[in-house]
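Have a look at the structure below before the remarks.
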Amino acid sequence: MSLENFWFLVIAVLFTMYFVLEGFDFGVGMLMSFLGRRSEPDGDKRRRVLLNTIGPVWDGNEVWLLTGGGALFAAFGGWYATMFSAFYLPLFLILIGLIVRVVAIEWRGKINDPRWRWWCDFGIGLGSWIPAILWGVAFANVVRGLPIDADHQYTGGFFNLLNPYALLGGATTLLAFLTHGAVFVALKTAGQMRHDAQTFAARLAVPTAVVAAVFLIWTQLAYGHAWTWAIVVVTAVAAVGMVIATAARREGWAFVATCIAIAGTVAMLFASLFPAVLPSTTDAAYDLTIANTSSSHYTLVIMTWAAAIMTPVVIAYQAYSYWVFRKRLSVDQIPPSVGLPLQSTGK
């Protein structure tokens, strides 16, 4: 395998890890309004339980996006430049959503005031819903191709990105992350919260599997290769397993199934691209490929050595974090809020 192909594979793995791990973070954020309703007497404690399920790991999960974006920039500069210019507005919205989400999570408990917490919960939801949809739209457009000219410049507009296939991709990631998040909450909580999360996951599983199946079949028939049918089959089996496991309230197996299903979907997208990295709908001669966008051989060698040294360290640390914070949480374990008052009363 050439270094160029190797780094295409590495980038696919990095983004797969990001979607699998950050996917349930987005799901938990989107579930704040469903599993932590304000009409319930213990609504605020339920929302705090939800945040505590991802509290020790969510920022570590985002590292995979930074690493994937950095590797894309360093290994395939031409791909990075054209894609980021074409997706400027969607990626800007994703970035704003991620920033708002970070601030809301970190500052929610600083002030003991219902209005403050409401705005923070709104920010967490907004910063979860927007990326959950737009990541699917963006990656579906990468597979479908964009209007690119001979200079590898994007010649379309924003509404070129809102085509039926891309919107289906956004619906797929949205539903997949919601289900993934509900299963994760069931895996990490006890008592009534666990029961509610199991019920929510079971209700979401079938529509998620149906939408994902349509998206995968469309991808295979329009953009796939003969050998990518294997990925479709594995992903489909995982989706069926998700439906069965959520119905049986076996959240452990359901989480394994959702992880495989999301990983399979991302793998399908990258496999359908290969050996292109961004097809041109203007003329196939203008396609961005692994060969015409990769960095120099020396650059890829240096990156390979750095990845070989640092990647095991990152994986080991993150695995240790998950092991340390493996216990289930319940509403009964949440203490009263100790935040500062919104305004000083003075004397």
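The values are calculated or read from the model by the stated rules, or taken from the named source; none is laboratory data. Being a predicted model, the structure only gives us computed values, none of them experimental. In this analysis, Cβ positions are derived from the backbone assuming ideal geometry, glycine residues included, and neighbour counts consider all displayed protein chains. These area figures cover heavy atoms from the full protein model, side chains too; ligands, DNA and RNA do not enter into them. Shrake-Rupley method; radii C 1.70, N 1.55, O 1.52, S 1.80 Å.
Results for (1) within 30 Å of residue 187 (Cβ to Cβ); (2) polar (S, T, N, Q); (3) open to solvent by 100 Å² or more (accessible area, probe 1.4 Å); (4) not in a helix (DSSP H, G or I), shown as yes or no for each residue.
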residue: 301; (1), (2), (3), (4): no, no, no, no
residue: 305; (1), (2), (3), (4): no, no, yes, no
residue: 319; (1), (2), (3), (4): yes, no, no, no
residue: 322; (1), (2), (3), (4): yes, no, no, no
residue: 327; (1), (2), (3), (4): yes, no, yes, yes
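Within region 207-233, can you find the residues that are open to solvent by 60 Å² or more (accessible area, probe 1.4 Å) and within 20 Å of the chain's Cα centre (by Cα)?
Within region 207-233, 210, 214 qualify.
Among (1) among the hydroxyl-bearing types (Ser, Thr, Tyr); (2) closer than 30 Å to residue 154 by Cα; (3) in a helix (DSSP H, G or I); (4) open to solvent by less than 40 Å² (accessible area, probe 1.4 Å), there is one condition residue 258 misses while meeting the rest; what is its number?
Here residue 258 clears every test but (2).
All but one of (1) open to solvent by 40 Å² or more (accessible area, probe 1.4 Å); (2) assigned to a helix (DSSP H, G or I) hold for residue 44; which doesn't?
Unmet for residue 44, out of (1) open to solvent by 40 Å² or more (accessible area, probe 1.4 Å); (2) assigned to a helix (DSSP H, G or I): (1).
Can you tell me which residues in region 1-32 are among the polar types (S, T, N, Q) and surrounded by 15 or more Cβ atoms within 10 Å (Cβ to Cβ)?
16
Hey, could you check region 81-101 for residues that are surrounded by 20 or more Cβ atoms within 10 Å (Cβ to Cβ) and without any contact (Cβ under 8 Å) to a residue 60 or more places away in the chain and say which is farthest from the chain's Cα centre (by Cα)? Walk me through it before giving the result.
Our first condition is that a residue be surrounded by 20 or more Cβ atoms within 10 Å (Cβ to Cβ); within region 81-101, this holds for 82-83, 86-87, 90, 94, 97, 101.
Filter once more, so that each one left must be without any contact (Cβ under 8 Å) to a residue 60 or more places away in the chain: 94, 97.
Details: 94: 11, 97: 13 Å.
Once the filter is applied, the top-ranked residue is 97.
Return the residues of region 103-117 that are in a helix (DSSP H, G or I) and either free of Cβ contacts under 8 Å to residues at least 40 places away in the same chain or not hydrophobic (A, V, I, L, M, F, W, C) (or both); say none if nothing qualifies.
103, 104, 106, 107, 108, 109, 110, 114, 115, 117
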